[in-house]
1. Which residue, of Ala61, Ala30, Ala96, is open to solvent by less than 90 Å² (accessible area, probe 1.4 Å), of a type outside the set (Val, Ile, Thr), at pLDDT below 95 and out of contact with any Gly (no Cβ under 9 Å at 6 or more places or on another chain)?
2. Can you tell me how many residues within the stretch 33-58 are farther than 17 Å from Ser87 by Cβ and exposed (fewer than 13 other Cβ atoms within 10 Å of the Cβ)?
3. Of the conditions (1) out of contact with any helix residue (DSSP H, G or I) (no Cβ under 8 Å at 6 or more places or on another chain); (2) at pLDDT 95 or above; (3) hydroxyl-bearing (Ser, Thr, Tyr), Tyr6 satisfies every one except a single condition; which number is it?
4. Quick check on my filter: what residues within the stretch 64-93 are buried (at least 16 other Cβ atoms within 10 Å of the Cβ), in contact (Cβ under 8 Å) with a residue 24 or more places away in the chain and within 14 Å of Leu36 (Cα to Cα)?
Amino acid sequence: MIRDLYNVRPLAPEPGRTPLTPDEERRTRATLFTELGNAIADHNWTRFPAHTPQERQRLVAVGHMLSAHWGIPVTVEAEDECRMRLSLPGHELHRAVTATTR
């Protein structure tokens, strides 16, 4: 079956907002918190793809959540244009921005 789609455009999210609903965003962050937290606990660092500014903001927020949960600063930094690296102290890249608790 072929469907013709007329006047269909990709939805451009507002800066700082994601195309996810608030509940989907909460569940995504909770899943990343668990999965990335386990990977960091096993290897002291991990990397994760982030192609959009919203995805990068989400990973920075997860880094803040992990810092608050563990009481240890988790460093969140861009490795390149499409990957972010989350790491514990001593395993950062040189140009790091640390996600500390406030």
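The values are calculated or read from the model by the stated rules, or taken from the named source; none is laboratory data. Small disclaimer: the values here were computed from a predicted structure and weren't measured. Neighbour counts run over all protein chains shown; Cβ positions are idealised from the backbone, glycine included. Side chains included, ligands, DNA and RNA excluded: accessible areas come from the protein's heavy atoms. Shrake-Rupley method; radii C 1.70, N 1.55, O 1.52, S 1.80 Å.
1. Ala96
2. 4
3. (2)
4. Matches in the stretch 64-93: His64, Met65, Leu66, Ser67, Val74, Thr75, Met84, Arg85, Leu86, Ser87, Leu88.
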